[in-house]
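Data block below; observations after.
The values are calculated or read from the model by the stated rules, or taken from the named source; none is laboratory data. None of these values were measured; they are calculated from a predicted model. Because the Cβ atoms are built from the backbone with ideal geometry, glycine has one as well, and the counts that use them run over all protein chains shown.
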Amino acid sequence: MPELVRVDDWSEGMNNLAQVDRIPPKQVRDLLNLDPVGGGGLQQRAGQRKVADLAGAHGAVPYRDGLLVAAGGNLLQYSATTNELRTIGAAPATGGLCGAELNGDAFLCSAIDMIRVRGDQVGPWGLPEIMPRVVLSSGNLPAGIYRVAVTALDRFGAESGAAPLLVTLEAPGSIDLLWTAPAGATSCRLYASVANGETLYLQSSSHTDGFSLTSVTDSSARLTTTNLVQPPVATHVTAYKGRLVLVVGSALWITEPFAPHLVNPAFGFVQYGAAIDMVAVNDAGIFIAAGQRTYLLMAPGTEDASQRDIFGFGAVRGSGVTLPGGQAAWMTHYGMAIAQVDGTVSLPQQQRYAPSLAAYATSGVVDNNGLQMLVTTMKGPVAPNTLGVEDSFDMEIE
């Protein structure tokens, strides 16, 4: 009769690559609702508790000590410290929500909208360009070629981009400009150059629909948002070294320094050959999985930007995360990939465990009972990984 042997040490974790009758010592075929603890023991998986009943919840983004949640056409802020959930603004009723926190503000994308949150304040994330209508009138402006532009400011003090217009006065006159302020604008600024000049100077900041330029002041503030635009609506947003990184199809957009509400439409993006599935960041750079390739983009948005290949395979969509120790991590069909701050990447599960395959995933760090665990939740249609060894049985049919 076989002897039963008690095993209390599972410190080597799960293994589904070994044959079912050849599982190495201290390893287990599978775990369900159990987590490892120090010394190789097991404990029941951390539970959960309900903090609110919500109808139509379709997205959440970490912010401050809690979450920003889109539900039922509202944007709600939840505080884990006070266990309070309150409505702070509006949000689309469907379509999901993504975003990131940067310098105390949250920057959110729904399927159709872009939202900025600062504490209890909610407003647009950036404003579109203003294209004024120009009418020439009589006046005392010297003849010449003038550059003019109108920008809008939002409630956070962020100034929109501008595409300066060239206006030619064949004879002395004045320049009348008419425009409509975009939704979310609190004021507008008019800039102009001197005759035949290149630099645009602030002429007015108190008008919201029009201004008559009869003289030019060339000692005021200069226009600094020339040829910059509002960021595009993204499907993934993450913060990286004072900037925001946005995924839009197969393009990776990077906001301007100190201006998370602006991007450069000519140079502010990197185009890939397939839709971007995963972005994870650390001090080494931005790790990007697009199709069947994984890359490391270093020093993005600078003259020293460069890129190198990491893997000849991709990642599970949405699985990228930055760990508390500064590593970046994401899920592949070989298990988790862990990227160190020097750019080296390892696959610690490759020789032992093949995860199930899924359409997309979310990853996060869970602290529970003295443990800090990286947890990836597979979502959508889940299928077995052909790298793993499946259980089998013998049968005979007569």
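Numbers below:
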read-out: Subset of region 351-377 (residues that are part of a loop (DSSP other than H, G, I, E, B) and either of a type in the set (A, V, I, L, M) or out of contact with any strand residue (DSSP E or B) (no Cβ under 6 Å at 6 or more places or on another chain) (or both)); value: GLN351, ARG352, ALA354, ASN369, GLY370
read-out: Residue list for region 181-195, filter: surrounded by 19 or more Cβ atoms within 10 Å (Cβ to Cβ) and of a type in the set (A, V, I, L, M, F, W, C); value: ALA185, CYS188, LEU190, ALA192
read-out: Qualifying residue in region 17-28 (condition: surrounded by fewer than 16 Cβ atoms within 10 Å (Cβ to Cβ) and either among the hydroxyl-bearing types (Ser, Thr, Tyr) or closer than 19 Å to VAL365 by Cα (or both)); value: no
read-out: Scan of region 125-153 for residues that are under 20 Å from THR224 (Cβ atoms) and in contact with an Asp or Glu (Cβ under 6 Å, 6 or more places away or on another chain), ordered by number; value: LEU127, THR151, LEU153
read-out: Matching strands (runs of 3 or more DSSP E) fully within region 19-99 where at least 2 residues are among the hydroxyl-bearing types (Ser, Thr, Tyr); value: 74-79
read-out: Residue match in region 69-80 (condition: modelled with pLDDT under 95 and more than 27 Å from VAL233 (Cβ to Cβ)); value: yes
read-out: Some residue of region 99-113 being under 18 Å from LEU67 (Cα atoms) and acidic (Asp, Glu); value: yes
read-out: Positions within region 329-371 being in contact (Cβ under 8 Å) with a residue 24 or more places away in the chain, more than 18 Å from GLY312 (Cα to Cα) and under 24 Å from the mean Cα position of the chain (by Cα), in sequence order; value: GLN340, VAL341, ASP342, ALA358, ALA359, TYR360, ALA361, THR362, SER363, GLY364, VAL365, VAL366
read-out: Subset of region 161-180 (residues that are buried (at least 16 other Cβ atoms within 10 Å of the Cβ), part of a loop (DSSP other than H, G, I, E, B) and touching a Pro at 6+ places or on another chain (Cβ under 7 Å)); value: TRP179
read-out: Where VAL69 falls short, out of the listed (1) farther than 16 Å from ILE115 by Cα; (2) within 20 Å of the chain's Cα centre (by Cα); value: (1)
read-out: Residue satisfying condition, being free of Cβ contacts under 8 Å to residues at least 60 places away in the same chain, farther than 30 Å from ALA111 by Cβ and β-branched (Val, Ile, Thr), within set VAL28, VAL37; value: VAL28
read-out: Residue satisfying condition, being closer than 30 Å to ALA328 by Cβ and part of a loop (DSSP other than H, G, I, E, B), within set ALA183, ALA195, ALA234; value: ALA234
read-out: Residues being on the phi > 0 side of the Ramachandran plot and at pLDDT below 85 - total across region 366-382; value: 2
read-out: Filter result for GLU170 (modelled with pLDDT of 95 or more, touching a Lys or Arg at 6+ places or on another chain (Cβ under 9 Å) and charged (D, E, K, R)); value: no
read-out: Residue in region 196-215 that is farthest from the chain's Cα centre (by Cα), counting only those that are surrounded by fewer than 16 Cβ atoms within 10 Å (Cβ to Cβ), more than 14 Å from ALA149 (Cβ to Cβ) and not hydroxyl-bearing (Ser, Thr, Tyr); value: ASN196
read-out: Hits in region 332-350 (condition: at positive phi and either aromatic (Phe, Trp, Tyr) or not in a strand (DSSP E or B) (or both)); value: GLY343
read-out: Hits in region 100-137 (condition: among the hydroxyl-bearing types (Ser, Thr, Tyr) and outside any strand (DSSP E or B)); value: SER110
read-out: Qualifying positions in region 198-231 - closer than 28 Å to MET114 by Cα and in a loop (DSSP other than H, G, I, E, B); value: THR208, ASP209, LEU223, THR224, THR225, ASN227, LEU228, GLN230, PRO231
